[in-house]
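Below: the structure, in structure tokens.
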Amino acid sequence: MKCALIDLDGTLLGMNQNEFVEHYFKGLLSKFSEIDSALFISSLKKGIEAMYANNGIQSNEEKFWKVFCDCIGFEKEYFDKKFEDFYLNDFLKYQQYTYIKKESKILIDVLKEKGYQIVCATNPLFPKIATYTRIKWAGLKIEDFIEITTFENYHYCKPNPLYFKEIIEKNNLDVSNTIMIGNDLFEDTGANSLGIKVYIVNDDLLGDNKEKNYEFIGSMNSLINEIKKHF
């Protein structure tokens, strides 16, 4: 089986990531206005840092809630209904900080024509509902992917090679027939250490990389042409 792992934010879904995250944090903060804002934000950031540092014993979801709740001093049940309401309703407002890249649908179609199955390899920091919502914002279908990585079902984060290894093992993939497509020179190139060839889309380029451990860097259109010619 040939497989393409493809990042979501900034790759398939156009966005200014800093602007999106800023408004996302502000929205969450306003949902819990009864909690000291500095405490809430610091607890949220520590929960996210814990997911990045996750050692695989717990899912990212379990790791986040353990650290977040320990820091903020409330039980998880205190937050459940408001978090659910936030992602069902408030989160939808942040679509305005994203945009559809028409090339994304073309990329998906070209890869499928070439016999690739596709994994949405977005960093699993978000719950399933938020990730599925962002896929739809990109003008794509959930059914386009054989796997979508979310914080409920993954135990590591990019750039940890174990994140990519978890995808490979869950889906019985062969690294020699797998590629990684993303826009982050630091996070997405973590796949290279497993022997997965990395293709960088620079339309919304993020990160720094002095090693240049990727096969290609260029626009989404350039990548599509590369795939048509050489894959």
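The values are calculated or read from the model by the stated rules, or taken from the named source; none is laboratory data. As the structure is a prediction and not an experimental result, all values here were calculated from the model. Cβ coordinates were reconstructed from backbone atoms using ideal geometry, including for glycine residues, and neighbour counts include every protein chain displayed. What goes into the accessible areas is simple: the full protein's heavy atoms, side chains included, and nothing from ligands, DNA or RNA. Shrake-Rupley method; radii C 1.70, N 1.55, O 1.52, S 1.80 Å.
Give me the percent of accessible area attributable to carbon and sulfur for the chain, probe 1.4 angstrom.
49 percent
For I118, list long-range residues whose amide hydrogen, built 1.01 Å from N in the peptide plane, is under 5 Å from its own amide hydrogen.
A4, I146
What ³J(HN,Hα) values, in whole Hz, does the Karplus curve 6.51 cos²θ - 1.76 cosθ + 1.60 give for the range 91-103 when θ = phi - 60°, with x put for Gly and Pro?
With coefficients 6.51, -1.76 and 1.60, one gets 4, 4, 5, 7, 4, 5, 9, 10, 8, 6, 9, 4, 5 Hz.
Counting only heavy atoms of the protein chains, get the accessible area per residue of the range 33-181 (1.4 Å probe) and round it to a whole Å² value.
Roughly 48 Å² per residue, with all protein chains present.
Put a dot 7 Å past each Cα toward the Cβ at Q58 and Y132; how far apart are the dots in nm?
Each label point is offset 7 Å from its Cα along the Cβ direction, giving 2.5 nm.
Based on DSSP H runs of at least 4 residues, each adding -39500 (n - 2.57), what is the mean residue ellipticity at 222 nm of the chain after dividing by all its residues, to the nearest 500 deg cm²/dmol?
Calculated mean residue ellipticity at 222 nm is -13500 deg cm²/dmol.
DSSP loop GluC sites (Glu not before Pro) in the range 132-171 with at most 11 other Cβ atoms within 10 Å of their Cβ, which ones?
Answer in residue order: no site qualifies.
Set the Förster radius R0 to 41 Å, insert the Cβ-Cβ distance between K212 and L29 as r into 1/(1 + (r/R0)^6), and round the FRET efficiency to 0.05.
Between K212 and L29 the formula returns 0.60.
Once you list every other residue whose beta carbon is under 11 Å from the beta carbon of Y156, what net charge do they have if Lys and Arg are +1 and Asp and Glu are -1?
+2
I need the calculated FRET efficiency for the pair S176 and Y99, taking r as the beta carbon distance and R₀ as 41 Å, to the nearest 0.05.
0.70
Please list 3J(HN,Hα) in residue order for the range 114-131, calculated via the Karplus relation 6.51 cos²θ - 1.76 cosθ + 1.60 where θ = phi - 60°; whole Hz, with x for glycine and proline.
Taking θ as phi minus 60°, the curve returns 7, x, 8, 8, 10, 10, 7, 9, 7, 4, x, 9, 10, x, 3, 4, 6, 6 Hz for the range 114-131.
Calculate one ³J(HN,Hα) per residue across the range 64-73 by plugging θ = phi - 60° into the Karplus curve 6.51 cos²θ - 1.76 cosθ + 1.60, and present them in order as whole Hz with x for glycine and proline.
The phi angles translate into 4, 5, 4, 6, 4, 5, 4, 6, 8, x Hz.
Quick one: Cα centre-to-centre distance for the range 126-188 and the range 8-36, in angstrom?
That distance is 20 Å.
Hey, can you grab everything whose amide H is under 5 Å from the amide H of F186? Only 5+ residues off in sequence or another chain; H modelled, so Pro and N-termini drop out.
D208
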